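To start, the structure under review is shown below, and the notes come after it.
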Amino acid sequence: MGKVAVGAAVVCAAAVCAAAALVVRHRIKSSGKWARALSILTELEEKCGTPSSKLKQVADAMTVEMHAGLASEGGSKLKMIISYVDNLPTGDEKGLFYALDLGGTNFRVLRVHLGGKESRVVKQEFEEVSIPPHLMTGSSDELFDYIASALAKFVATESDSQHVSPGRQRELGFTFSFPVRQTSISSGTLIKWTKGFSVEDTVNSNNLDSKLAAFYEAKYFVGQDVVGELTKAIERAGLDMRVAALVNDTVGTLAGGRYNNPDVAAAVILGTGTNAAYVERAHAIPKWHGLLPKSGEMVINMEWGNFRSSHLPLTEYDQALDAGSLNPGEQIFEKMISGMYLGEIVRRVLCKMAEEAAIFGDTVPPKLKIPFILRTPHASAMHHDTSPDLKVVATKLKDILEISNTSLKLRKLIVEVCDIVATRGARLSAAGIVGILKKLGRDTVKDGEKQKSVVALDGGLYEHYTKFRTCMENTLWELLGEEASENIAVEHSMDGSGIGAALLAASHSQYIEVEEP
């Protein structure tokens, strides 16, 4: 071999060695970054851990807070609002009743024809109406005049076979899913207009952006009787209609559940927000100073999203989310379990992995830095991906975050993050339910007792996030044990904010005493 050839061979060998060294260094660097990503995942799993022992502590803390909230106003993070609903539907209700569901940028009006035990719900109709943008700069009168006008038009579509008896007023159930200080079954003063990213207090299951919430709060009658405002507008519209019940959507869900099953003792909404309501013995409410209701029962609206306990498994991601919210220190339970926040927690974890482990390359994808861009339905779709190559995960990353060319290994990591976050939320939800059952003395089986207790559930998170729902139900049985579980059931109670409100109008009708037997 000539000198030139030898020299060329040496150069080539050196180049190959250099390239090989670069590959090795890259692999070492990559393996180091991957190890960091796995370390973040492991830490997340540990911090989000919900062993049975911890969940039982959460359930006990929920029960303690319930007692405190019933004892006095402001005695607990749980408001434990007296709903004044002391007659839940029985199935005997007959007649035509209306419902108005106001919960955001639109509202629904409903008409329900009840046929008693034999026919149950004979017919139901509804119409959804958007609130025009120009009303966003108007007064409360203008808003409620618009709602009353839509209600009057809907009433005008009654058929000949569907109308109230002569000489009777039409009666309406008003679902108002904002915090109200209830003063009777059909009156209550507005505390705050809050939805979605709320300023304080409660967030329920419909979404309203922060600008709209702030506008409502500034514009519309905080501290005034919401039923009084609606009633005046109904009168101005020339409609002969009485608001028979003012309820929130969770109480409506409880009513709808009880109508279909007399064993329903509590209701939980797991949607964009979360809340719970249950049937309490009236004599077990120390802060109740009125006459005890004939039924001996009272529905309590817990506002459980505001529950907080040292036993909750909070992470750095929860703390950062809370600190950056418009209501820091409030709605902690909701921020850990509800549909508004699960996707955002996943995003924050992925963001840390991108920053510290470069899982998406040397730079953090710009879209990943946008709060709430990854919604819970997106996380759910990735979590439920059963394709061999996790094609749904790849598609979501590309469409939402503009992240392409991800490895299967990375996509599996992302599914793991979704699973950890959803599992924690589902198991904490179950612990909350056990806390309610414990307050009612229904978490254990007493000698000779076989009292059935049913929990009615509703909300998009519960209905559509299958893995969340399955995990929550399995955790419930795990915490209750085999014997007690035989007496507890979970049922999906749909549209509490609609038909539930109409049913409560029926069970609190002014004509109930004069009905024929």
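When Lys and Arg each count +1 and Asp and Glu each count -1, what net charge do the other residues less than 13 Å away from PRO293, Cβ to Cβ, add up to? Walk me through the intermediate numbers first.
Values: positive: ARG281, LYS294; negative: ASP86, GLU280, GLU297.
After counting each charged neighbour, the total is -1.
Once fully extended, how much extra length lies between HIS163 and THR90, figured as 0.36 nm per residue of separation less the alpha-carbon to alpha-carbon distance? Walk me through the numbers on the way to the answer.
Numbers: separation 73, 0.36 × 73 = 26.28 nm, distance 2.20 nm.
The HIS163-THR90 span can extend by a further 24.1 nm.
Suppose the chain between LYS367 and ALA35 were pulled fully straight at 0.36 nm per residue; how much longer would it get relative to their current alpha carbon spacing? Show your work: numbers first, answer last.
Working: separation 332, 0.36 × 332 = 119.52 nm, distance 2.44 nm.
Value of the extension gain: 117.1 nm.
What is the gain in length, in nm to one decimal, between TRP288 and LYS452 on full extension, counting 0.36 nm per residue of separation less the C-alpha to C-alpha distance?
Residue separation times 0.36 nm, minus the Cα-Cα distance, leaves 56.3 nm.
Determine the sum of side-chain charges near ALA267: Lys and Arg each +1, Asp and Glu each -1, restricted to other residues whose C-beta is under 9 angstrom from that of ALA267.
Numbers: positive: ARG258; negative: ASP458.
After counting each charged neighbour, the total is 0.
Please compute the modelled spin-label separation between THR386 and ALA68, points set 7 Å along Cα→Cβ, answer in nm with one decimal.
4.5
Where the accessible area of the chain is counted over protein heavy atoms with a 1.4 Å probe, how much of it, in %, is carbon and sulfur?
Details: 11810 of 22360 Å².
About 53 percent, which is the carbon plus sulfur part of the accessible surface.
Only bridges whose two residues both fall in the chain count here: according to DSSP, what percent of them are antiparallel, nearest 5?
On the way: 35 of 56 bridges.
Here the share of antiparallel DSSP bridges comes out near 60 percent.
Beta carbons within 10 angstrom, averaged per residue: use that to sort the peptides 86-98, 414-426, highest first.
Values: 86-98: 19.8, 414-426: 23.1.
Top to bottom by mean Cβ count within 10 Å: 414-426, 86-98.
Taking only DSSP H segments of four or more residues, each worth -39500 (n - 2.57), what value at 222 nm results for the chain once the sum is divided by all its residues, to the nearest 500 deg cm²/dmol? Don't skip to the answer; put the middle values down first.
Details: 16 runs with 231 residues, N = 517.
Mean residue ellipticity, 222 nm, calculated: -14500 deg cm²/dmol.
How much net charge surrounds GLY459 when only the other residues with a Cβ under 13 Å from the Cβ of GLY459 are counted, with Lys and Arg +1 and Asp and Glu -1?
Values: positive: ARG469; negative: ASP249, GLU334, ASP458, GLU463, ASP495.
Residues near GLY459 contribute -4 overall.
Name all residues of the stretch 414-435 having a backbone nitrogen under 11 Å from the label point set 7 Å from the Cα of SER53 along its Cα→Cβ direction, giving them as ranges.
none
Ordered by residue, what ³J(HN,Hα) values in Hz, to whole numbers, does the stretch 296-302 give under the Karplus form 6.51 cos²θ - 1.76 cosθ + 1.60, where θ = phi - 60° and Gly and Pro are x?
x, 10, 8, 7, 10, 8, 6
Let me spell out the model: positive unit charges on the Cβ of Lys and Arg, negative unit charges on the Cβ of Asp and Glu, origin at the Cα centre of the chain. What dipole size does that give, in debye rounded to 20?
Details: 56 positive and 63 negative charges, 455 e Å.
With Lys and Arg at +1 and Asp and Glu at -1, about 2180 debye.
With r as the distance between the Cβ atoms of GLN224 and GLN510 and R0 = 25 Å, compute the FRET efficiency 1/(1 + (r/R0)^6) and round to 0.05. Show your work: numbers first, answer last.
Details: r = 23 Å, r/R0 = 0.94.
Efficiency at R0 = 25 Å is approximately 0.60.
I'd like to know how the chain sits against the 2.2 N^0.38 Å rule of thumb: what's its Cα Rg over that expected value? Numbers along the way, then the final one.
Working: Rg = 27.5 Å, N = 517, 2.2 N^0.38 = 23.6 Å.
Against the compact-globule rule of thumb, the ratio is 1.16.
Using a simple spin-label model with points 7 Å from Cα along the Cα→Cβ vector, what separation in nm is obtained for ALA323 and ALA489?
Each label point lies 7 Å from its Cα, and together they span 4.8 nm.
Can you grab the distance from the C-alpha centre of the stretch 438-455 to the C-alpha centre of the stretch 107-133, Å, no decimals?
The two parts, judged by their Cα centres, are 34 Å apart.
Could you do me a favour and compute the accessible area per residue for the chain, 1.4 Å probe, result in Å²? Show your work: numbers first, answer last.
Details: 22360 Å² over 517 residues.
Ligands and nucleic acids excluded, the result is 43 Å² per residue.
Starting with the highest mean, order 478-491, 247-260, 271-284, 370-383 by the number of other Cβ atoms within 10 Å, averaged over the residues of each peptide.
Order by mean packing, descending: 247-260, 271-284, 370-383, 478-491.
The values are calculated or read from the model by the stated rules, or taken from the named source; none is laboratory data. This one's a predicted model, so the numbers in the text were calculated from it and none came from an experiment. Glycine gets a Cβ as well: all are built from the backbone with ideal geometry, and neighbour counts include every protein chain shown. Remember, those area values only see protein heavy atoms, side chains included, never the ligands or the DNA or RNA. Shrake-Rupley method; radii C 1.70, N 1.55, O 1.52, S 1.80 Å.
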